[in-house]
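This report refers to the structure that appears directly beneath it.
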Amino acid sequence: MFLENTVNQKEQFGWIEVICGSMFSGKTEELIRRLKRAKFARQRVEIFKPNIDNRYHEDKVVSHDSNEIRSTPVPAAANIPILADNCDVVGIDEAQFFDDEIVKVCNDLANRGVRVIVAGLDMDFKGNPFGPMPALMATAEYVTKVHAICTRTGNLAHYSFRKAKSDDLVLLGETDEYEPLSRAAYFKAMLREKVNKLEVKDAEEISSKKQS
């Protein structure tokens, strides 16, 4: 949890909140909820997202449930401080797609007294920490980890299993490309993929040996 009212009102520093989890876990939904709440309080709010994320809308942050809020697409983290001048609250979606400069940007904003709310995938499709997210989580005052529901077991899911046949680290997609899985289901799915690759390789080797 996080507190919106500090005890020592003389301290002018802001803070960083990180919302993380797998695909379809409600990260963006929670980000939008907090930002809209800040707007209702008549705080000055700016929202940013990487310009490569245009799945739903070019200049809006949109959740899987079609909840939305207007945002500014930026090509790099360095653009954010310039555009976030005189803000009380700054929201950043899909933070894993930004360069490492995003960590310094968020901390500089917080040191200026800005409340910074960041949402992003904590792990990539291989189950590894994703981009700048670990550093953001380490320097944040508040970290909220949200979970999807595993499509195979019904348990809590925190892995994003890629169904699409691509090894690119960045691959924007929805349910056709990704599936939220629990630890057990993800382990089995990855093991099954390794076995399938080995079987294909063995068949190719046998075929080439016969031809030679």
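About the Cα centre of region 76-198, how large is the charge dipole given +1 on each Lys and Arg Cβ and -1 on each Asp and Glu Cβ? Please answer in debye to the nearest 20. Intermediate values should be presented prior to the final figure.
Numbers: 14 positive and 18 negative charges, 172 e Å.
With Lys and Arg at +1 and Asp and Glu at -1, about 820 debye.
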Quick one: which residues, 5+ away or cross-chain, put their amide H under 5 Å from the amide H of residue 25? H built at 1.01 Å from N. none
Using amide H atoms built 1.01 Å from N in the peptide plane, name the residues 5+ places from residue 161, or on other chains, whose amide H lies under 5 Å from its own. 179, 181
Given Cβ charges of +1 for Lys and Arg and -1 for Asp and Glu, the option among 91, 113, 80 whose Cα lies farthest towards the positive end of the dipole of region 66-127 is 113
Interchain or sequence-distant (5+) residues whose placed amide H lies within less than 5 Å of the amide H of residue 117 are 17, 90, 91, 92
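Every number here is computed from the coordinates shown, using simple stated rules; none is lab data. Everything numeric here is computed off the predicted structure, so don't read it as measured data. No Cβ is skipped: glycine too gets one built from the backbone with ideal geometry, and neighbour counts run over all protein chains shown.
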